Amino acid sequence: MSATTTRDPGRARDLDLLRRLLRAKDRMDAASHEEWPVERLARVSGVSPAHFARSFRDAFGVPPHRYLLSRRLERAKTLLRDTDLSITEIAFETGWSSLGTFGRTFRDVTGESPGELRAREQAAAHARDRVPACYLAAAYRPDLRIAVSEKRRQEAEAINGAETTEAP
């Protein structure tokens with residue numbers, strides 16, 4: 001038999017798992033404002049929660065929670081830029097249950113508050129009219145390859161120097 005006529009059962013299982021992971025990712029994309037605990041995503045994918053979390057991270061490079069966080073922040077940035085909704089309305093519409101958590105997380109990831117981003121984006125609105133929307137979406141996608149708490153720790157170390165203390 002040639003290599004093209006034999007089917008690798010392991011590869012078929014991998015493709016099936018990837019399709020299931022994509023189904024869960026598509027559901028998060030379609031309803032990023034909803035709560036998506038790993039257990040719910042695992043049910044959508046038809047695998048165990050631990051296997052789902054591990055497989056999602058391996059397939060897409062970020063854990064499911066960070067992926068959802070990036071989608072929510074991307075949507076919030078779009079609403080801040082393109083609408084006159086209040087920051088509170090945007091926070092709740094994008095799935096945050098607390099304005100304080102939204103503002104803190106937004107600042108930690110983007111480096112500026114929602115109000116600062118809105119003011120900057122409105123001042124530069126004329127330049128974006130000539131750029132295709134798909135490029136804008138990619139450019140404004142938040143980088144969440146590391147956890148927000150890890151980012152905060154790194155910034156604190158930069159401010160305080162590299163002083164780290166270990167317990168004896």
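The values are calculated or read from the model by the stated rules, or taken from the named source; none is laboratory data. Here the structure is a predicted model, which means the values were calculated and not measured. With ideal geometry, Cβ positions are generated from the backbone for all residues, glycine too; neighbour counts draw on all protein chains shown. What goes into the accessible areas is simple: the full protein's heavy atoms, side chains included, and nothing from ligands, DNA or RNA. Shrake-Rupley method; radii C 1.70, N 1.55, O 1.52, S 1.80 Å.
With θ taken as phi - 60° and the coefficients 6.51, -1.76 and 1.60, list the Karplus ³J(HN,Hα) couplings across the stretch 39-48 in order, rounded to whole Hz; mark glycine and proline as x.
Coupling constants for the stretch 39-48: 4, 5, 5, 5, 5, 4, 8, x, 9, 6 Hz.
So if we plug the beta-carbon distance of Asp58 and Ala30 into 1/(1 + (r/R0)^6) with R0 = 22 Å, what FRET efficiency do we get, rounded to 0.05? Don't skip to the answer; put the middle values down first.
Numbers: r = 23 Å, r/R0 = 1.04.
Efficiency for this residue pair is about 0.45.
With a/c under 1.5 counting as rounded, go ahead and sort the stretch 8-119 into rounded, prolate or oblate using the C-alpha gyration tensor (a ≥ b ≥ c being the square roots of the eigenvalues; past the cut-off, prolate if a/b is larger than b/c, else oblate).
On the way: a/c = 2.75, a/b = 2.59, b/c = 1.06.
Prolate, because a/c is 1.5 or more and a/b exceeds b/c.
If contacts are Cα pairs under 8 angstrom and at least 6 residues apart, what is the relative contact order of the stretch 39-106 in percent?
Working: 37 pairs, mean separation 10.8, N = 68.
Once normalised by length, the contact order is 16 percent.
Could you list the residues of the stretch 40-61 with an amide nitrogen less than 17 Å from a label point located 7 Å from the Cα of Arg19 in the Cα-to-C-beta direction?
Of the residues in the stretch 40-61, 44-47 have backbone N under 17 Å from the label point off Arg19.
Quick one: Karplus J couplings for the stretch 79-92, per residue in order, coefficients 6.51, -1.76, 1.60, θ = phi - 60°, nearest Hz, x for Gly and Pro?
Karplus-based 3J(HN,Hα) across the stretch 79-92 equals 5, 5, 6, 10, 10, 9, 4, 5, 4, 5, 4, 5, 4, 6 Hz.
Compute the separation of the alpha-carbon centres of the stretch 76-126 and the stretch 51-73 and state it in Å as a whole number.
The stretch 76-126 and the stretch 51-73 have Cα centres spaced 22 Å from each other.
When ligands, DNA and RNA are left out and all protein chains stay put, how many square angstrom of accessible area per residue does the stretch 46-125 have with a 1.4 Å probe? Before the final figure, lay out each step's value.
Details: 3760 Å² over 80 residues.
Accessible area per residue, the stretch 46-125: 47 Å².
From the mean inverse distance of alpha carbon pairs (Kirkwood) and the Cα radius of gyration, derive Rg over Rh for the stretch 54-140. Could you put the intermediate results ahead of the total?
Values: Rg = 13.9 Å, Rh = 13.9 Å.
A ratio of 1.00.
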